[in-house]
Structures are given as C-alpha cells and as structure tokens.
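Peer 1: Got a structure for you, questions after.
The values are calculated or read from the model by the stated rules, or taken from the named source; none is laboratory data. The structure displayed is predicted, hence computed values, not measured ones. Here the Cβ is made from the backbone with ideal geometry for all residues, glycine too, and neighbour counts use every protein chain on show.
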Amino acid sequence: MKSNESKIKILKDGTLSKVSLKNVDFEKLNYGNTNDIGVDSIGILQLPIFTGSWKKPKFSHYEYYLVEIVNENYTHKTDYYSYSSTTHRFTIVIKQVISGSEKRVGDKFWKRGKNLYPNYYEIERASQENLNNKHDRSYGLNELRESIYM
C-alpha cells in the first residue's frame, strides 16, 4: 500500500502528475488516513454516486477528484429536533477530475465532516495555524453547549 501512495505527486500548477494518474490505483488508497482536515488541505475525494430515488437510493460507483478545502465551519443547532447538535461543514473546490462526470474543475460544494473524513485521502496537510484556529472554534462551541444543556 505504501508504494501505491508514494507515487502520488502534485505539480506546481496544483494538479496531479501524469505518472500519478497512470500508476496509482485510486480504489485502493487508504481513505480516512487523517482525522484532522483543515483549510488549504489538498487531497483525493472518493465521491460515492447513487442512482434511484431519494427514498430508495442504490449505490452505483465511486468517482475520484483532486480537491482543496477552502472553508470549514461549525454550526450549532439548538432547536427541539436536533438535540443541540454541532455539525462540521467543509467547502470543497474541485482542482482536477481523476475519474467521473458528476463534477467539473472549479465546482464548489460542501460536505459534512462525518461524510468527508472516511472518503478523503489527504496529500498535503493544512497549516498548523489553520488547524489550531479550527480547534479553538470547536472547543468554544462545546463549552457553549455544555453551559446551556448540562
């Protein structure tokens, strides 16, 4: 597995090299290789595609994209139905299409953290400053929730 992962190279223009595209088996990468994604992180997103209806979705296949995390935030819900939940959302920009047709280069979309972490292979880690900023905001929300509901 290490030899497969060590073949991934990013060029100066921010795209994957042709050697990486040719020699890496993207289905066998160790997705979920990080537990801390922050702004400016670059990685490969394994995007599951479903067919069928909303009530009866059927898994179709995976598509692979080189992406950059451009924003992340925490939202704190305090209504009756959410039981004071905190959700972590990431705004993602497509830098390169590896395989797939659902998204194009430059497309911007968001994913919740619980859906992103298991389908994300991190290549370049976010700066420690960005990660510290994220952690500070997370701890502040946890303290707020505890002071209100505990």
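Peer 1: Condition first: without any contact (Cβ under 8 Å) to a residue 12 or more places away in the chain and loosely packed, with under 12 Cβ neighbours inside 10 Å. Now tell me which residues in the range 13-34 satisfy that.
Peer 2: Correct list: ASP13, LYS18, LYS22.
Peer 1: Give the range 23-32 a look and list any residue that's in contact with a strand residue (DSSP E or B) (Cβ under 9 Å, 6 or more places away or on another chain) and farther than 16 Å from ILE10 by Cβ, or say none.
Peer 2: Hits for the range 23-32 are GLU27, ASN30, TYR31, GLY32.
Per-residue answers, yes or no, for (1) part of a strand (DSSP E or B); (2) modelled with pLDDT of 80 or more; (3) closer than 24 Å to LYS111 by Cα:
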| position | (1), (2), (3) |
| --- | --- |
| ASP13 | no, no, no |
| GLU27 | no, yes, yes |
| ASN33 | no, no, yes |
| LEU45 | yes, yes, yes |
| PRO48 | yes, yes, yes |
| LYS55 | no, yes, yes |
| TYR62 | yes, yes, yes |
| TYR65 | yes, yes, yes |
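Peer 1: Looking at this structure, is LYS111 modelled with pLDDT of 75 or more, under 26 Å from GLU27 (Cα atoms), surrounded by fewer than 11 Cβ atoms within 10 Å (Cβ to Cβ) and not small (Gly, Ala, Ser)?
Peer 2: no
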